[in-house]
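Read the structure below first, then the notes.
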Amino acid sequence: MADHVRLVRKEFENNNERVPDKIRLGNHFVDDFIFDDNGTADIPINALRVIFNIISIISSEQFRPEDRPRQLSLFDEEFETEHNVFASMKIRNSKISPSGSSKQVVDAYEFLAKFKMSWYKSLNSKGKEIKTFGGLISAPTYDRWGYTTFLISSYWLKKLLVIPEYNYVLYNLVYNIRNNKHIIFAIWLSKLPEKGTALKLSTLNKKFGLNYKTANDVCFKFLKPARLNLNLYNNLSFNFKYKGDLIYILPFSTKMIADVDVEKHNREQLDIVRRLRYFRNRYGLQESEMIQFSYQYKNIPQTRELINKAFSEFITMSRLRGIKSTESQGRIFLNTIQEIIIKLYRDTKMGGLLPNGYPVII
């Protein structure tokens with residue numbers, strides 16, 4: 001049989017389209033596809049959504065071979081007896097681009113079809129070499145009104161299904177976090193031991209496709225914003241410090257934060273998180289715009305009170321003008337709130353003493 005002929009042996013259905021809390025990422029897949037000797041793959045956010053949804057669809061058939069050895073034999077019989085064997089799958093387009101952008105969907109599948117496109121070889125249980133050609137996916141067919149259908153090779157399918165070692169990652173990471181490198185960092189973080197690790201600046205730059213000159217820069221321009229995101233949206237976050245060119249990463253469960261909140265002021269903290277999500281979603285705030293705003297709102301009670309007062313005045317002003325408050329988006333929204341904060345602050349006793357001592361949210 002010619003090497004270029006594709007044999008489709010299975011079709012994965014996703015009838016109920018349930019949304020899982022978490023997915024299982026096999027370490028072999030992570031090491032071979034997302035990370036390799038050349039560093040990290042700079043996989044775009046929409047392509048990451050494709051990967052997360054593929055794993056969600058096949059999740060019920062994932063297995064550890066030591067627990068279900070018969071399942072591995074069945075996989076070999078179905079997918080690893082001939083060259084170029086594939087499975088068929090389809091994903092709703094809105095899962096990849098919630099905004100409905102056709103270009104985002106097409107670009108995501110094109111990236112995954114071309115990325116690491118090559119011949120791949122594996123040995124089945126009988127020692128026979130099986131060859132498959134392609135990237136993670138092949139032959140995507142886009143239907144602008146509903147789904148994209150594509151093939152996934154037996155080589156990569158095996159790494160996703162057969163998972164002797166794996167880690168859980170939250171499914172909604174690819175929807176809550178917009179920075180693809182922060183998601184890739186979260187995937188890497190899930191593989192770390194509890195005691196953490198230490199990396200040289202050059203190693204961290206290479207691993208995550210960065211180009212920072214100093215350890216201080218990478219800590220406060222990359223790791224700090226990543227930690228803010230993971231504190232909000234992940235089940236695992238981290239602390240960091242550096243000494244010279246050596247950067248220490250120590251993972252911790254965000255449940256630890258939640259436990260403290262339960263004991264002290266759980267309701268207040270939950271309200272803060274919800275309020276920040278409200279501001280971000282309703283007023284189209286980008287990740288870079290959220291960093292300073294989020295820090296001030298979460299950590300300085302007096303500033304949080306001032307922001308809430310400024311926001312109430314902003315809503316009143318919008319109504320008086322007969323316009324929707326959501327017409328102010330992103331930086332325009334933050335600039336407006338900042339102007340109101342300055343006015344409110346200068347009307348206070350402290351503002352009379354230190355007129356330029358107002359909090360800065362942008």
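Taking the criterion of being closer than 20 Å to LYS10 by Cβ and among the charged types (D, E, K, R), the residues of the stretch 86-104 that qualify are LYS90, ARG92. GLU77 satisfies every condition listed in (1) charged (D, E, K, R); (2) touching a Gly at 6+ places or on another chain (Cβ under 9 Å); (3) free of Cβ contacts under 8 Å to residues at least 24 places away in the same chain except (2). Per this entry, LYS121 is counted among residues that are without any contact (Cβ under 8 Å) to a residue 40 or more places away in the chain and open to solvent by 20 Å² or more (accessible area, probe 1.4 Å).
Residue under question is ARG92, and the condition is that it be more than 17 Å from VAL30 (Cα to Cα) and either open to solvent by 10 Å² or more (accessible area, probe 1.4 Å) or of a type in the set (D, E, K, R) (or both); does it hold? Spell out how you get there, then give the answer.
On the way: more than 17 Å from VAL30 (Cα to Cα): yes; either open to solvent by 10 Å² or more (accessible area, probe 1.4 Å) or of a type in the set (D, E, K, R) (or both): yes.
Spelling it out, ARG92 is indeed more than 17 Å from VAL30 (Cα to Cα) and either open to solvent by 10 Å² or more (accessible area, probe 1.4 Å) or of a type in the set (D, E, K, R) (or both).
State yes or no: is TYR212 of a type in the set (Phe, Trp, Tyr) and assigned to a loop (DSSP other than H, G, I, E, B)? Answer is yes for this residue. A count restricted to the stretch 199-217 and to residues that are in contact with a strand residue (DSSP E or B) (Cβ under 8 Å, 6 or more places away or on another chain), of a type outside the set (A, V, I, L, M, F, W, C) and more than 13 Å from LEU189 (Cβ to Cβ) stands at 4. With a requirement of 1 or more residues that are in contact with a strand residue (DSSP E or B) (Cβ under 9 Å, 6 or more places away or on another chain) and among the basic types (Lys, Arg), the strands (runs of 3 or more DSSP E) lying completely within the stretch 101-144 that satisfy it span 118-123, 129-134.
If I go through the stretch 227-255 residue by residue, how many of them are within 15 Å of the chain's Cα centre (by Cα) and in a strand (DSSP E or B)?
So the answer is 2.
For the structure I just gave you, tell me whether LEU170 is more than 29 Å from ARG277 (Cβ to Cβ), surrounded by 16 or more Cβ atoms within 10 Å (Cβ to Cβ), hydrophobic (A, V, I, L, M, F, W, C) and out of contact with any Leu (no Cβ under 7 Å at 6 or more places or on another chain). No. Taken over the stretch 54-76, the residue count meeting the criterion of being open to solvent by less than 10 Å² (accessible area, probe 1.4 Å) and among the polar types (S, T, N, Q) is 1. Residue count for the stretch 173-184, restricted to those that are in contact with a Ser or Thr (Cβ under 9 Å, 6 or more places away or on another chain) and either hydroxyl-bearing (Ser, Thr, Tyr) or surrounded by fewer than 16 Cβ atoms within 10 Å (Cβ to Cβ) (or both): 0. Of all the criteria given as (1) open to solvent by 30 Å² or more (accessible area, probe 1.4 Å); (2) modelled with pLDDT under 90, the one not satisfied by LYS22 is (2). Scanning the stretch 218-254 for residues that are open to solvent by less than 60 Å² (accessible area, probe 1.4 Å), within 20 Å of ASN180 (Cβ to Cβ) and out of contact with any strand residue (DSSP E or B) (no Cβ under 7 Å at 6 or more places or on another chain) yields PHE222, PRO225, ALA226, LEU228, ASN229, LEU232, TYR233. Scoring SER318 on the criteria (1) in contact with a Phe, Trp or Tyr (Cβ under 8 Å, 6 or more places away or on another chain); (2) buried (at least 16 other Cβ atoms within 10 Å of the Cβ) leaves a single failure, condition (1). When the stretch 57-83 is limited to residues that are at pLDDT 80 or above and not in a helix (DSSP H, G or I), the one that is nearest to GLY134 (Cα to Cα) turns out to be HIS83.
Yes/no per residue for (1) among the acidic types (Asp, Glu); (2) out of contact with any Ser or Thr (no Cβ under 8 Å at 6 or more places or on another chain); (3) open to solvent by 80 Å² or more (accessible area, probe 1.4 Å):
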residue	(1), (2), (3)
PHE86	no, no, no
LEU112	no, yes, no
PHE115	no, yes, no
GLU129	yes, no, yes
GLY134	no, no, no
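Highlighted here are the helices (runs of 4 or more DSSP H) found entirely within the stretch 265-362 that include at least 3 residues which are modelled with pLDDT of 90 or more: 266-282, 301-321, 331-346. If you go through the stretch 185-209 and keep only what is open to solvent by less than 20 Å² (accessible area, probe 1.4 Å) and part of a strand (DSSP E or B), you end up with just LEU199.
The values are calculated or read from the model by the stated rules, or taken from the named source; none is laboratory data. Since the structure is predicted, the reported quantities are computational estimates derived from the model, not experimental observations. Backbone-built Cβ (ideal geometry, glycine too); neighbour counts: all protein chains shown. Note: areas computed on protein heavy atoms with side chains; ligands, DNA, RNA excluded. Shrake-Rupley method; radii C 1.70, N 1.55, O 1.52, S 1.80 Å.
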